[in-house]
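J.: I have a structure here, written as structure tokens, and I will follow up with some questions on it.
A short reminder: the numbers here are calculations on the coordinates, not readings from a lab. Model, not experiment: these values are computed from the prediction. Using ideal geometry, Cβ is built from the backbone for each residue, glycine included, and neighbour counts are taken over all protein chains shown.
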Amino acid sequence: MSRRILLPILLLLTATLTLSAEESKDSTAVARHQRANGEKSPVSLSTNLFDWCDFLTLNLEVGVPVAKRWSLHAGFKFNPWKFNSSAGNYSVTYNQQKSVYVGARFWPWYVNSGWWVCSKLQYTDYAITGVWRPALDQGKALGIGFSGGYSLMINKHLNLDFGAGFWTGALLQHNLYRSVEMMEVRQSGSKGFIAINDITIGIQYLF
């Protein structure tokens, strides 16, 4: 291809990419202005990549803005998988759970942008073995959680969500067995608990 043809093509491509970047930047700026002034509060749908990496835990969360600095959230986590293991005394490894939760986020700047703090009510039915030890831990938990984080605005439809927190409450049912192969009960009964929760590296889509 001759230089006479190549040069105009390169100039056109550069101009197109520049214009596209400027339009995306302008669109993001407009969306930021709308959110800051409460002109538009989009519903969000998000999933946590950290949970997907945690033994392929399925998860989804819906967020509904109710004020300039407040949004309500509801979601679930579901993990039915079992993985065969030959390491040490582990014949099988799994981190199963069925969790549902509802909560609220407060945004000091404006909804769906910047820093946030969250509180929630959560119920979890779980069964864990082979993750940290061969013991089988089964139970049902109900509690409240607290977390904080930051939502990074990529464009008017996309955020990256980062956060971490903990939750505390009661184990409504709790049985700890020596292992899957040796179902000898080591602990049983309800008790209180506090645990790390809501480590978030997520993608949030805004409608």
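J.: Taking the Cβ-Cβ separation of residue 102 and residue 184 as r and a Förster radius of 35 Å, what is the calculated FRET efficiency to the nearest 0.05?
T.: 0.40
J.: Per residue and in Å³, how big is the convex hull formed by the alpha-carbon atoms of region 122-207?
T.: Measuring per residue, one finds 110 Å³ for the Cα hull of region 122-207.
J.: Same structure, new question: Report the residues of region 115-143 in range of a label on residue 83: point 7 Å along Cα→C-beta, backbone N strictly under 15 Å from it.
T.: 128-134
J.: Taking only the alpha carbons of region 79-143, what extent do you get along each of the three principal axes, in Å, biggest first?
T.: The Cα atoms of region 79-143 stretch 50, 23, 17 Å along the principal axes, largest first.
J.: Which length gain, in nm to one decimal place, applies between residue 172 and residue 146 when the Cα-Cα distance is subtracted from 0.36 nm times their residue separation?
T.: Result: 7.4 nm gained on full extension.
J.: Taking 0.36 nm per intervening residue step and subtracting the Cα-Cα distance, what contour gain separates residue 92 from residue 43 on full extension?
T.: The residue 92-residue 43 span can extend by a further 13.6 nm.
J.: Counting pairs on different chains as well as pairs 8 or more places apart, how many Lys pairs in region 66-207 have Cα atoms under 21 Å apart?
T.: Counting lysine pairs in region 66-207 gives 13.
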